[in-house]
Amino acid sequence: MPTVKEILDSMDYGPAPESSAEVMGWLGARGAFGHYIDGGFTTPADTFATENPATGATLAQISQGSAEDVARAVDAARKAQPKWAKLSGHQRAKYLYALARSLQKRARFLAVLETLDNGKPIRESRDVDIPLAIRHFYHHAGWAEMLADEFPGLAPHGVCGQIIPWNFPLLMLAWKIAPALAAGNTVVLKPAEQTPLTALAFAEICAEIGLPKGVVNIVTGDGRTGAALTAAPVDKIAFTGSTEIGREIRRATAGSGKALTLELGGKSPFVVFADADLDAAVEGVVDAIWFNQGQVCCAGSRILVAEAVANTFTERLQTRLSKLRVGDPLDKCTDMGPIVSATQRQRVAALVSAGEAAGATLVQCEGQLPAAGHFFAPGLLIGADPANPASTEEIFGPVATLTTFRTPEEAVQLANNTRYGLAASIWSENITLALDIASQVKAGVIWMNGTNLFDAGAGFGGMRESGFGREGGREGMLAYLRGPSPKPRPEAQASFDAAPHPGAPGKGDPAIDRTPKLYIGGKQARPDSGQSYRVTAKGTEIGLAPLGSRKDIRNAVEAAHKASGWGKTTGHNRAQVLYYLAENLSARQREFESRLREMGANPAEAEATIARAFYYAAWADKFDGAVKSTTGNMVTLAINEPFGVMGVVCPDDAPLLGFASLVLPAIAMGNRVVAVPSASMPLAATDLYQVFDTSDLPGGVVNIVTGPKDELAKTLAQHDDVAAVWYCGEAEGRTMAEAESAGNLKATWTMSNRDWTDAQGRDFLTRATQVKTIWVPYGA
Ligand code: NAI
Ligand code: MG
């Protein structure tokens, strides 16, 4: 036996395994699992094995859910939903409390079960996954209690289909189920095929606490089951997983009217400035990339370090790396377990090799890896250039790239050099610098001098190709609620006559100056086609409008990008411009009224539009974010940020008010807009050019391209530099706008024509912004 002195010298740990006896007994008693539908388990059928990735041993047989299984689960959820929603918030809260308490009672059991099925170290499942899942149910019991007061007028979607991945099995279940139930929805959840066991244990808990049958249904299976759930008659789909499948789901649900939230992949930067506390940052890396074997969507997988401290930092990181203990995940001393499956391990290995082949140097932890199981040594890829696949692809394993930067500008540029925008960690002792960087990094969650912090009270979710929608906190609740349906109105009969006007001059014609123009970058611009189209009202031609094309849309997007200062200016400044705009509109009210009358539109739109401009001027500096109550030594800010450049496709009906109802809230929040006005009555919008000019609206904030609505809308939806698209129109166009937005996964809001007189309010502002959550050390 070693002496105490020897132990203190070597700092060696003996094995300290957590017992799996209770869990193995539980699994043994069941052997095979059916689905949990309508309050009971089905007979296991068409089964496949779920394994322990640390040993390769089979843990249990799981049923592959068929389309019929999914249909029965959705039926059960549908039948249960009205009654569940009718319960008082207090009654639903009691069920959520009961779930939280039962999870708490079983915390140890669930931690061991999670570790066996997923391979994550028991320290993580015990100290992170399970406590956070429990906290989620408690937190949302509170939201159920407060629902009527805090979300007046909102209603649950109905039945929610929820699809989750294998990296945080019970925690992702909690993130999905708790808010859905609190809001009065019922659910059908499909866990990942690699890690279904804690979801099935959760199903038993639902039965045990007497949750009404059909409120929670769990259908197991692989991607085919997920696809069946996506196609089933549910009212909302919430998905967490790969960007590739997220894109597929976006296309599959386009035009279905199903609400959608997507939490997808990431390639999050971990930025270390020269004045950072380097030892703390080294520990941060351990949490950012070696936590959960790097199988974390928000993993800080791109370490960017200031050149001045790069050598010191890298040395310390390598020392720390060499001390990581990789092995039996049930051992309480283990830092890292195996990768979840052989397939994932191969994927990680292939990406790391590709990174090396493209010029990066791999430094890996040298310890002996266990012979069985899907272990992969944690490491760093040093010197990967921005084009290296290791810098661009999500590795989803315990290997981060490490590159250097010289200036803060370069750090921001590297940080944003990705298709993703999920999270970022920023390390600096200089608050001015750190917050300045936080304001510039495009990510849904930012941690200052910290990493991978989560809490039920804070929003979590991405920008760009990391998806849309937030989970957690108030914003997460809003994702499970919907507003009242507005009063529908038939669309105007679009009399779009795409044939060029015979009198329209071609390019280079001196008469060109007399043709109507588009409005791009604050200037009137000749359409690329050089052509106009006829605008008719009641069979009479009332004017010409410029025939815009794809090229014009692209120019307008470029102009909108150049006007980025609008998003950075204060709400007060934006309010001033909008007030001025309202006044200038007022001065020309009669003119607009007669123009509307001439087009056969309602002249009262003019007055309503003026009121709308005053309304959003008032809001411009008041749509505040929040400070969230999360963990003790952090202040968690939720900032409403504009998307950036938005495409807004307006109704054919209500040519002035419809346009204003959509464009004004978007610009009030700091977005720049490329708007496609009513195709059949565009003149009301084009008459606004002079009003914009005289109102000091900076060029490029509003750009107007008239022409064939759906062709222009398609170009906007496909454009990679457009972050969000709103589309008002018929079903076919709505489907197109959503499907075409899948490319860069832009947030979409599609709607049919409505009564526009009451089309204003907070909902428009919520839709025009995305929440950036920033965690700042506070009172530590
Ligand atoms: P995946 O996206 O295929 O799986 C996630 C979930 O979606 C699972 O429940 C799966 O059964 C389901 N699914 C698969 N195909 C589906 C379809 N067509 N329709 C509906 N549901 C479907 O992810 P996978 O294959 O497990 O991992 C591949 C890569 O995805 C990882 O290497 C990683 O880069 C990324 N990933 C990201 C996650 C995140 O948290 N953002 C989580 C898991 C994976
Ligand atoms: Mg498993």
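The values are calculated or read from the model by the stated rules, or taken from the named source; none is laboratory data. The model shown is predicted, which means the values in this text are computed figures rather than measured ones. Positions of Cβ are backbone-derived with ideal geometry, glycine not excepted, and every protein chain shown enters the neighbour counts. All accessible areas refer to the heavy atoms of the entire protein, side chains included, with ligands and DNA or RNA removed. Shrake-Rupley method; radii C 1.70, N 1.55, O 1.52, S 1.80 Å.
Quick look at the values:
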{"item": "Top positive-direction residue, dipole computed over the chain with Cβ charges, set LEU317, GLN293, VAL363", "result": "GLN293"}
{"item": "Ordering of 285-291, 459-465 by burial proxy (mean other Cβ atoms within 10 Å per residue, highest first)", "result": "459-465, 285-291"}
{"item": "Only Lys, Arg (+1) and Asp, Glu (-1) charged, at Cβ; the stretch 25-263 dipole about Cα centre in debye", "result": "500 debye"}
{"item": "0 to 90° range, to nearest 10: angle between helix 307-322 axis and the chain longest Cα axis", "result": "40 degrees"}
{"item": "Percentage relative contact order, the chain, counting C-alpha pairs under 8 Å, at least six apart", "result": "12 percent"}
{"item": "Sequence of ASP235, ASP624 from largest to smallest accessible area, 1.4 Å probe", "result": "ASP624, ASP235"}
{"item": "Nearest 10 degrees, 0 to 90: helix 657-668 Cα axis against the chain principal axis", "result": "50 degrees"}
{"item": "Using alpha-carbon coordinates, inclination of helix 431-440 to the longest axis of the chain, degrees", "result": "60 degrees"}
{"item": "Amide H contacts of PHE375 (H built 1.01 Å from N, under 5 Å, at least 5 apart or other chain)", "result": "ILE339"}
{"item": "Average Cα contact separation per residue, the stretch 269-461, under 8 Å, 6 or more apart, as relative contact order %", "result": "28 percent"}
{"item": "Positive-pole candidate from ALA620, ALA274, ILE431, dipole of the chain, charges at beta carbon", "result": "ALA620"}
{"item": "Taking the stretch 618-745 and dividing mean pair separation by its residue count, relative contact order in percent (alpha carbons under 8 Å, at least six apart)", "result": "26 percent"}
{"item": "Selection from PRO651, TYR97, MET172, by position along the positive dipole direction of the chain (Cβ)", "result": "PRO651"}
{"item": "Burial ranking of peptide ranges 545-555, 478-488 (average Cβ count within 10 Å, highest at the top)", "result": "545-555, 478-488"}
{"item": "Qualifying lysines (Cα of each under 16 Å from Cα of LYS190; at least 8 residues distant if same chain)", "result": "LYS176, LYS236"}
{"item": "Segments 339-350, 446-457 sorted - mean Cβ within 10 Å per residue, highest first", "result": "446-457, 339-350"}
{"item": "Long pairs among LYS5/LYS120; LYS267/LYS772; LYS94/LYS213; LYS487/LYS772; LYS258/LYS709, criterion Cα-Cα beyond 21 Å", "result": "LYS5/LYS120; LYS487/LYS772; LYS258/LYS709"}
